[in-house]
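One structure is given below, encoded as structure tokens.
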Amino acid sequence: MLKYTARRFALATLILIVAVSAMFLMIRAVPGDPVQIMLGPRATPELQAKLIAQLGLDQPIWKQLILFYGNLIQGDLGIDVFSGRSVTDIVFQQLPYTLELIFSSVVWSASLGILLGAYAAAHPNSLMDRIAAAISVSFVAAPAFVVALLALLVFAVSLKWFPAIGVGEGFWGRVNHVVLPAFAIGLSWVGYIARLVRASMLEVMGESHIRTARAFGIHERRVVMVYALRIAILPVVTVIGVGMGFLLSSAVFTEIVFARPGLGKLVIDSITTRNYPIVMGALLVSTGLFVLSTAFADIINAWLDPRARSAK
């Protein structure tokens, strides 16, 4: 297991280097003069030259990339050209809000989706199975930004059950403010996970170890929830890990709709002003989250199913 974990993290590091390099080059390839956009048309040539030198834009692109990685190794993501603050401090100040939103979305959607899928698989072709299928398809077809707007109008504006904007203060204040954004992001995942668990469990229920457990007289609920579900949720773990990119993209719209701070809103605001250091720092952290979540999903799968450790 340790060897598999080390190999998987080595691969994740290589993927992260390639992805960050590609993002760095694409940001630099965007048309327009970033210095003029940042400083405005009335900036003096001396001020423009100072900012160009500060950003390293007067160096060849390959040298800019080397300098970026050199600073990155030291934990330095650069300096915000507007506030003069460290990009690392700005990005990691916003990161907890995005992680809070994504974690809440995954917890409630995965829990409900697994329960729906397991129940549907344990009662195939029943009325509840058909109802669960209809609900799942309906949830999958609901875009996160549409759900966010509807949830805001219904539960915050009309019913006034939850606050409309902000993140709140204190534990219960934070929980109260994250309910609607997490609901908007996680709703489509409920249906997707439910269908995935149902299909996986129906396949697992026909395997020999399930028939053996039943032959020994083990209670059907234990057979379903312990012996079958442990194998059936392996695809769910993988999908959640790979789906981190989708969750981050959904968080962008949700943070804007609910006026929440976070990485998504930070990236949008920084792209508007062409603030290179902030954009690169936020994208770097987002890419790292995606790569690490995929690696952790593979490691969890290998822990739950030892056969995955020998897979090439």
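The values are calculated or read from the model by the stated rules, or taken from the named source; none is laboratory data. Since the model is a prediction, treat every value here as computed from it, not as a measurement. Cβ coordinates were reconstructed from backbone atoms using ideal geometry, including for glycine residues, and neighbour counts include every protein chain displayed. The area values use the complete protein model at the heavy-atom level, side chains included, leaving out ligands, DNA and RNA. Shrake-Rupley method; radii C 1.70, N 1.55, O 1.52, S 1.80 Å.
The single condition among (1) open to solvent by less than 40 Å² (accessible area, probe 1.4 Å); (2) modelled with pLDDT under 75; (3) under 30 Å from the mean Cα position of the chain (by Cα) that residue 264 does not meet is (2). Only one entry of 140, 107, 87 meets the criterion of being aliphatic (A, V, I, L, M), over 30 Å from residue 17 (Cβ atoms) and at pLDDT 80 or above, and that entry is 107. If you filter segment 153-167 down to residues that are β-branched (Val, Ile, Thr) and within 10 Å of residue 258 (Cα to Cα), you find that the one that is nearest to the chain's Cα centre (by Cα) is 167. If you check 157, 167 for being out of contact with any strand residue (DSSP E or B) (no Cβ under 8 Å at 6 or more places or on another chain), modelled with pLDDT under 80, of a type in the set (A, V, I, L, M, F, W, C) and over 21 Å from residue 230 (Cβ atoms), only one passes: 167.
Within segment 7-19, if we keep just the residues that are among the hydrophobic types (A, V, I, L, M, F, W, C) and closer than 16 Å to residue 293 by Cβ, the residue that is least open to solvent (accessible area, probe 1.4 Å) turns out to be 12. Each residue in segment 251-286 was checked for being farther than 23 Å from residue 189 by Cα, β-branched (Val, Ile, Thr) and in a helix (DSSP H, G or I), and 7 of them qualify.
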